[in-house]
Amino acid sequence: MLASDSGSVLRPKPPIPTPYPTRSLFRPCCFDPGSRPAAPNLTLKMELLRRMGRGCFKADAVDAGGRDLFDTRRRDLFDATVASSPNSVPLHLVIMVNGIIGSAADWRYAAEQFVKKLPDKVIVHRSECNSSKLTFDGVDTMGERLAEEVLSVVRRWPEVQKISFVAHSLGGLVARYAIGRLYDYSSTLTLVSKDCFSEEKSEYSKQCLEQSYEPKIAGLEPMNFITFATPHLGSRGNKQLPFLCGLSFLERRASETAHLVAGRSGKHLFLMDNDDGKRPLLLRMVNDSGDLKFMSALRAFKRRVAYANANYDHMVGWRTSSIRRQH
């Protein structure tokens, strides 16, 4: 990845050592100890889902000169010239999250463009802990993995001060769960200039300390939360899956069998989960729920945007729960 200086090369920081060196695509928190070649029926399901979502975020792996722009074992992109200069490490961390049957490779091109356009502003991390069949594990399990991964990235880049999320499809729900886990409402003491009365000294002062409250995500200032084609309200209901053509008997069947195709994620998307008698997870995520501050966390971001495809999306279309706008 090059910036404006032709001598600038992409040199990601070395990844944190992992006890599983032969399985470099997953960090320990995301390691699947039961990883084996997929069974034929699972392979078929994955290929079906892959074809339905085909065409989103595809990118070439090499530049015009035939050079590989990205080391697939490392997920942090930044401008090497900027990062190597004293006191000039970018302060804004962007976390990119893939959707169902996706991987970090889905965001390759977009991540490169972020760094090209904003070389001195951003460090981009493409999440790697939820890929392929791991995206069947459920929004909550994937969200917990993502939260752990974000914390590990923040520890790797202690200079960063701001954080943004950019997520695709199911990844938007996973990111919403993760920020609910990462939310913190901290208080700070700030010296302000104004007339203050000190009860201890019984006198007025021109300066005093004021306590202010600031919401944080993973200890950072939340900036942008952006989703693309995310079914925020799930996929259950009339015409929520465009490829079913609005046929009620197919939609009922899809709700009943979604878990056979997409595991717990399918249950969550169709609001068919009932863990320990609780309401479906996506319904719980429209409010804060116990120690998971879903809406407080979302509200903390200065900018929140939901995008949807106007055409050619047979999974999450324009009038589905990704945006619900006809015009």
- Message: What are the pairs with Cβ atoms under 6 angstrom where one residue, in the range 266-295, is closer than 19 Å to residue 322 by Cβ and the other, located anywhere, is open to solvent by less than 60 Å² (accessible area, probe 1.4 Å) and among the aromatic types (Phe, Trp, Tyr)? Sequence gap at least six, or different chains.
- Response: 285/294
- Task: Give just the number: which of (1) under 16 Å from the mean Cα position of the chain (by Cα); (2) surrounded by fewer than 15 Cβ atoms within 10 Å (Cβ to Cβ); (3) of a type in the set (A, V, I, L, M, F, W, C) does residue 245 not satisfy?
- Result: (1)
- Task: Kindly indicate whether any position in the range 267-281 is touching a helix residue (DSSP H, G or I) at 6+ places or on another chain (Cβ under 8 Å), at pLDDT below 80 and either surrounded by fewer than 20 Cβ atoms within 10 Å (Cβ to Cβ) or not hydroxyl-bearing (Ser, Thr, Tyr) (or both).
- Result: no
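The values are calculated or read from the model by the stated rules, or taken from the named source; none is laboratory data. Remember, it's a predicted structure, so these values are computed and weren't measured experimentally. Cβ: placed from backbone, ideal geometry, glycine included. Neighbour counts: every protein chain shown. For accessibility, only protein heavy atoms count, side chains too; no ligands or nucleic acids. Shrake-Rupley method; radii C 1.70, N 1.55, O 1.52, S 1.80 Å.
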